[in-house]
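Beneath this line is the structure, given in structure tokens, with notes to follow.
Bear in mind these aren't lab numbers, they're just calculated from the coordinates by the rules spelled out. Every value quoted in this text rests on a predicted model; they were computed, and no experiment measured them. Cβ sites come from the backbone with ideal geometry, for glycine too, and all protein chains shown count toward neighbours.
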Amino acid sequence: MQKQETLSYADQYKDAVIPCSPFVFRSTGLVQSLTSLKVETYNLACVPYQFSMSRAALLGAFSKDEVAYFQRFTNALAALSLTVQGGNDREPSKIFCRCQISAFGTMKGRDRVGLVLCDFKPIPPSLETILGEHLMRLDRLRMEWNDLRGKSVPITPDSARKMGFNNYASAASGSEQFKLALFSLAVDQVDFLMPLRSPDMRVGTVMVFNLFFQKYRFSVNGTIASTQRLPSGVQKVRATLEFSPELTDLLNDYFFQARVLAKRGQESI
């Protein structure tokens, strides 16, 4: 019988790029504030900006003179130190990455923010596992997003408490920002009321929605699908939402707990 080879995480996700966000740090256990890059005798305080299986992009607070100085170390070897603390870990652990600096510059539009690209030589197995498990979790969440599409949760005091919703949401369109009153939420759509004096929203308008939960505070892109001006003058709006791992994770947990409670109720009959 022929043995089937299993691809490593680095092979499965060799083209994947992971932009760092609060969700990524929570999922991976990487501690954002405890990252450093050692270049010769210099220890540079950085924060992760982006990961792949082949490189890390880091941000740091550097002046133009400092950026110009450290550019001389392009192609030099360096040591990247990352700190990991999972949910069940009492003490944090360290991951040391041998890497090569491929670029040292400033972030576009932010003169005092340095952007450093470090190529792994190679990626440490522990970091490969952490990133691979995160990417697998994202794959599962995308599948759950498809399964949960159209399943709306009415926003009531009870559902808000179970989801950990802080009863605060806002949306931005261009330079304008509005506070929203949510009354229904799904992984792929949101229904809400806008303030009395808000301008008429047009179908097709792209907006960025900011949702505040106890577990996550995050943004998700959406598009206005329908609008209605109620007799009171308040505007009722429905928007479709793009995939959000945070929202999918929250609603998946909510529906799972609802199924568990329903099953317990049937067993007690």
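Residue-wise, which Karplus ³J(HN,Hα) couplings in Hz belong to segment 182-188, taking 6.51 cos²θ - 1.76 cosθ + 1.60, θ = phi - 60°, and x for glycine or proline? After applying 6.51 cos²θ - 1.76 cosθ + 1.60, I find 6, 10, 7, 9, 9, 5, 10 Hz. Please say if segment 105-211 is rounded, prolate or oblate, where rounded means a/c under 1.5 for a ≥ b ≥ c the square roots of the C-alpha gyration tensor eigenvalues, and otherwise the choice is prolate for a/b larger than b/c and oblate otherwise? Cα axes put segment 105-211 in the oblate bin. Exposed loop sites here are GluC sites (Glu not before Pro) assigned a DSSP state other than H, G, I, E or B and surrounded by at most 14 other beta carbons within 10 Å; excluding them, the longest clear run of the chain is 41-241.
Taking semi-axes √(5λ) of the Cα gyration tensor in Å straight from the coordinates, which label in (1) 36, 23, 16; (2) 40, 27, 16; (3) 31, 20, 18 is the correct one? Read-out from the structure maps to (2).
Note that segment 192-202 has calculated 3J(HN,Hα) couplings of 7, 10, 10, x, 4, 9, 6, x, 4, 7, 9 Hz, one per residue in order, obtained from phi through the Karplus relation 6.51 cos²θ - 1.76 cosθ + 1.60 (θ = phi - 60°); glycine and proline are x. Taking amide H as placed 1.01 Å from N in the peptide plane, residue 46 has its amide H under 5 Å from the amide H of 35, 36, 37, each at least 5 places away in sequence or on another chain. Distant-in-sequence amide contacts of residue 31, defined by a placed amide H-H separation under 5 Å and a gap of 5 or more residues or a different chain, comprise 83, 84, 85. Each Lys and Arg adds +1 at its Cβ and each Asp and Glu adds -1 at its Cβ; summed about the Cα centre, the chain shows a dipole of about 460 debye. What shape does segment 182-269 have by the C-alpha gyration tensor, where a ≥ b ≥ c are the square roots of the eigenvalues, rounded means a/c under 1.5, and otherwise prolate means a/b greater than b/c and oblate the rest? It comes out prolate by the Cα gyration axes. Near residue 54, no amide H atom lies under 5 Å from its own; only residues 5 or more places off or on other chains count, and H is placed 1.01 Å from N. The distance linking segment 44-98 with segment 144-187 is 35 Å (Cα centroid to Cα centroid, whole angstrom). Qualifying trypsin sites (Lys or Arg not before Pro) in segment 95-158, where qualification requires a DSSP coil assignment and no more than 10 other C-beta atoms within 10 Å, comprise 108. The residue among 235, 174, 21 whose Cα reaches farthest toward the positive pole of the charge dipole of the chain, with charges on the beta-carbon of Lys, Arg, Asp and Glu, is 235. How would segment 9-143 be classified by its alpha-carbon gyration tensor: rounded, prolate or oblate, with rounded meaning a/c under 1.5 and the a/b versus b/c comparison settling the rest? In terms of gyration-tensor shape, prolate. Helix 245-267 and the longest principal axis of the C-alpha atoms of the chain enclose an angle of approximately 60°.
Loop-located trypsin sites (Lys or Arg not before Pro) in segment 172-204 (DSSP state other than H, G, I, E, B) with a sparse environment of at most 12 neighbouring Cβ atoms within 10 Å: 197, 202.
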